[in-house]
Structures are given as structure tokens and as C-alpha cells.
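K.L.:
Right, I'll just put the structure down here and ask away after.
None of the figures in this text is laboratory data; all of them are computed from the coordinates on show. All values reported here derive from a predicted model rather than from experimental measurement. Methodologically, a virtual Cβ is constructed for each residue, glycine included, from the backbone with ideal geometry; neighbour enumeration extends over all protein chains shown.
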Amino acid sequence: MPIRAERIKAVVWDIDDTIFDYAHADTEGMRAHLVAEDLLAGYGTAEEALALWKETTERHWGRFGAGEVDFETQRRDRVRDFVGAALDDTEADAWFARYRVHYEAAWALFPDTLPALDALAGRYRHAVLSNSAHVVQDHKLRALGVRDRFEALLCAADLGVSKPAAEAFHAVCEALDLAPAEIAYVGDQPEIDARGARDAGLLGIWVDRNGSAREGPSGVHRIGGLAELPALLLADTRFGAPSTFG
């Protein structure tokens, strides 16, 4: 599945677990938060607590992605479910704010993020499309020192539509004033990101950092890390290992 490199004019990025190590920050942040709140013993082991937090987060993010609840409601509901208490909105917000202090202390880009952005700088325009909220992701990108790398930042909570809906991808096409075929979309989720982008007419690229044994969607590119991305887009293996396809 060759890429017509001359057609790609912009790279649009997912953030969490694509350029930013969300899983590590979330795990370490929650561990530190539970210790600080003297709550860890109530969940058995740290591993059990973290597994429950992850399951609760995924379930409520699914509700948000499906349009069942708004961004603030999903966040408050996952706090209530996790602590097993009928907290009011103010209490849930305060609990999450205390967790966020520890979470943000663990924030870091993946080691291959800046080299990939540097390798692609000047050749492509760059933007972000995230299934989060603009206020959250704008703050994150600024804290990580990369907000100025992206000319546009679009988020589901503000758009009113989430990936993998074609409308979300087309919104970023409109923001860049480019056709879908002129944009490559890079994300860590094979269905939500890569297949969604492909179905919307963009070039879908799945960043499979964990080397999943699963077969990826047809018609998308699969790479093991961002070091492979410049070579894939530029059709030049100088920048990293050859891409794999899934």
C-alpha cells in the first residue's frame, strides 16, 4: 500500500498514548494520589486499584464518546464509581483535582515524539484531533512545551462529535482547508483512530507501541513507534526501520 507522499500536506495527531505517555502518567498519578489520600488499602493491592481505575475510566469515556454524557459528567461519574460514594459535583471535582496534581507531575512525552516532530517540521503542517476537551489538551500541550508545534487543536468535547465519526475528522480537514486525502492521521487506537481516519478519507496510521498480536484494520499503515513515521511519509528508510502494514 504505497503512499503518494506528494499528496500528504498535513499530519494530524492524537495526543494520549500517541505523543504523550498517558498510561504511565495515569498509573503513577493515581498510585501517588491513593497513597496521599490514605485510600490504597481499601482496594486490596495497588495493582487492583489501578486496574479498577482503568476499567472505570474506559467505561465512562465510552459513554462520553457515544454522546450519552458530557465531558464533565463522565469525569465526575468515574470518580463516584471508583470511590464507591455518592459525591456531589463539588466533592467529585475536588477529588479529581487532587488526583490531577499527582497525574500532572508524571507527565512526559514519549522519547520518540520530538525527534519525529523535528524530522517532519517544514515538510508538513501539523494539527491535533483529540477525543478530549480543548481546555484539557491545550493545557497539556503547553505544559509539555509543544503547543506551538500545532497550528490547530480540535477536541470532541468542543466539536460535539468524537472519533471515529467521520464528522470529527472532517472538522480538522476544514480547519486546515485541506482535502481528507491530503492529511495523514496518527493515533494509537486501531479502530477509533486508524480505521476512523481511513473511513473518513484520510491516511490512517496506527502507532502500535506494544506490538499487538492482533491484526489491524485493512487499508491503514501500522508502525511500532514514531521513529518509523518520517520514513513512512517520506518513502525514505534513512529515518528509521521499515514500516509494517496491517
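K.L.:
Arrange the peptides 99-106, 28-35 so that the one whose residues have, on average, the most other Cβ atoms within 10 Å appears first.
P.N.:
Numbers: 99-106: 15.6, 28-35: 18.6.
Result, highest mean first: 28-35, 99-106.
K.L.:
Okay, next question. Return the calculated 222 nm mean residue ellipticity for the chain, to the nearest 500 deg cm²/dmol, obtained by summing -39500 (n - 2.57) across DSSP H runs with n ≥ 4 and dividing by the residue count. Mind showing how you got there, number by number?
P.N.:
On the way: 10 runs with 108 residues, N = 246.
That comes out to -13000 deg cm²/dmol.
K.L.:
Can you give me the three principal axis dimensions of the range 11-53 from its C-alpha atoms, in Å, biggest first?
P.N.:
For the range 11-53, the Cα extents along the three principal axes come out at 45, 17, 10 Å.
K.L.:
Over all directions, the average projected area of the alpha-carbon convex hull for the range 8-116 comes to how many nm²?
P.N.:
Values: hull surface 34.0 nm².
Mean shadow area of the hull around the Cα atoms is 8.5 nm².
K.L.:
Tell me, what ³J(HN,Hα) does each residue in the range 121-131 have, in order and in whole Hz, if you take phi through Karplus 6.51 cos²θ - 1.76 cosθ + 1.60 with θ = phi - 60° and put x for Gly and Pro?
P.N.:
4, x, 9, 9, 7, 9, 8, 10, 10, 10, 8
K.L.:
Then there is this: May I ask for the net charge around residue 90, where only other residues with Cβ less than 15 Å from the Cβ of residue 90 are counted and Lys, Arg are +1 while Asp, Glu are -1? Display every interim value, and only then the final one.
P.N.:
Details: positive: 75, 76, 80, 98; negative: 72, 77, 88, 89, 91, 93.
Counting the neighbours of residue 90, the net charge comes to -2.
K.L.:
Just for the Cα atoms in the chain, what are the lengths along the principal axes, largest first, rounded to whole Å?
P.N.:
Taking the Cα atoms of the chain, the three principal extents are 55, 34, 33 Å.
K.L.:
Then there is this: Name the residues whose placed amide hydrogens come within less than 5 Å of the amide hydrogen of residue 130, ignoring near sequence neighbours (fewer than 5 apart) on the same chain.
P.N.:
154, 155, 156
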